[in-house]
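Enquirer: One structure follows; several queries about it will come next.
The values are calculated or read from the model by the stated rules, or taken from the named source; none is laboratory data. Everything numeric here is computed off the predicted structure, so don't read it as measured data. A quick note on method: Cβ atoms are made from the backbone with ideal geometry, for glycine too, and the neighbour counts reach across all protein chains shown. In case anyone asks, the SASA skips ligands and DNA or RNA and just uses the protein heavy atoms, side chains included. Shrake-Rupley method; radii C 1.70, N 1.55, O 1.52, S 1.80 Å.
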Amino acid sequence: MTVEFAADWAWLYQRLSECWGVQPWWPADSAFEVMVGAILTQNTAWTNVEKAIARLRAANLLTAPAILAAKAAVLEDCLRPAGYFRIKARRLLALVQFLVDQGCAEKPENLAKGLSAPVLRPRLLAVHGVGEETADSILLYALDLPVMVVDSYTRRIASRLGWVTPDISYAALQRAIDTQLPPRDVARRKELHALLVQLGKDYCRPRTPRCGSCPLNDRCAFAATKA
């Protein structure tokens, strides 16, 4: 027998907030550092990103002009802990060049000045190496625009809850969440994404889910099959 539950992202947000409170995410000292992290976190764990960012900071390469002027070998060596360091160096340089072209290399936080997310998002997606999750991470966490970030945690959790099919597209899942959130609430989107990351890492794991102690197990279709 299949158990079905109606999608309720406001309930999920409230339940996880009551369990864990405010999440310290995205950890960064500047908008540009968030942008760098969004590129480096592709296909690697955040702990590896932190190591690479620490190396960039030690080499005084945590500004767009500094990265643009850096020797390729130096930049690649800094990025080595994040994996695929040559590929990520090219992607990071492409993002920096985009900031230059937009006239905000000195102050990347001004990228969204006078622009809405629907206008800026396609421009980011046109940058080499910037996909939907990376673009939305930049829009939400670096530029404080109300865009929901969808990642593998989000898709897995929503699917196991019985709210969506596992093969739902990025855009469809993003719309499904956004329609249930206050339209301009940046803080709510940041917190919801951070809470989903926490849930996905600690409970809703791909191979060894901890359904018995999961705070959502009373309304989860996947957990019901394990009862």
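Enquirer: Here are S152, S137: which of them is of a type in the set (S, T, Y), in contact with a helix residue (DSSP H, G or I) (Cβ under 7 Å, 6 or more places away or on another chain) and touching a residue at least 40 places away in the same chain (Cβ under 8 Å)?
Expert: Testing whether each residue is of a type in the set (S, T, Y), in contact with a helix residue (DSSP H, G or I) (Cβ under 7 Å, 6 or more places away or on another chain) and touching a residue at least 40 places away in the same chain (Cβ under 8 Å) leaves just S137.
Enquirer: For the stretch 17-52, enumerate the residues that are among the charged types (D, E, K, R) and either under 22 Å from E191 (Cβ atoms) or without any contact (Cβ under 8 Å) to a residue 12 or more places away in the chain (or both).
Expert: Within the stretch 17-52, E18, D29, E33, E50 qualify.
Enquirer: For the subset of the stretch 95-153 comprising residues that are more than 15 Å from V186 (Cβ to Cβ) and of a type in the set (D, E), which member is least open to solvent (accessible area, probe 1.4 Å)?
Expert: Out of the qualifying residues, it is D151.
Enquirer: Is it fair to say I157 is in a helix (DSSP H, G or I), surrounded by 22 or more Cβ atoms within 10 Å (Cβ to Cβ), modelled with pLDDT of 95 or more and out of contact with any Lys or Arg (no Cβ under 7 Å at 6 or more places or on another chain)?
Expert: Yes: the conditions hold for I157.
Enquirer: Output yes when any residue across the stretch 62-71 is over 20 Å from the mean Cα position of the chain (by Cα), over 27 Å from H193 (Cα atoms) and among the charged types (D, E, K, R), and no when none is.
Expert: Yes, the stretch 62-71 has at least one match.
Enquirer: Another question about this same structure. Looking only at the stretch 179-227, filter to residues that are among the small types (G, A, S) and open to solvent by 60 Å² or more (accessible area, probe 1.4 Å); which one of those is farthest from V150 (Cα to Cα)?
Expert: Initially, the stretch 179-227 is screened for residues among the small types (G, A, S), giving 187, 194, 200, 212-213, 221, 223-224, 227.
If we keep only those that are open to solvent by 60 Å² or more (accessible area, probe 1.4 Å) too, we end up with 187, 212-213, 227.
Numbers: A187: 15, G212: 25, S213: 24, A227: 29 Å.
Top of the filtered list is A227.
Enquirer: So which residues in the stretch 53-92 are surrounded by 18 or more Cβ atoms within 10 Å (Cβ to Cβ), without any contact (Cβ under 8 Å) to a residue 24 or more places away in the chain and not in a helix (DSSP H, G or I)?
Expert: L61, A70
Enquirer: Please pick out the residue among E18, E50 that is of a type outside the set (G, A, S) and over 16 Å from the mean Cα position of the chain (by Cα).
Expert: Going through E18, E50 in turn, the sole match is E18.
Enquirer: If you don't mind, another one. Which condition from (1) closer than 24 Å to S152 by Cα; (2) in a loop (DSSP other than H, G, I, E, B); (3) open to solvent by 70 Å² or more (accessible area, probe 1.4 Å) is the one that W26 breaks?
Expert: For W26, the failing item is (3).
Enquirer: If you don't mind, there's one more thing I want to ask. Mind listing whichever residues of the stretch 163-201 are under 23 Å from Q23 (Cα atoms), over 17 Å from the mean Cα position of the chain (by Cα) and among the charged types (D, E, K, R)?
Expert: Selection gives R184 alone.
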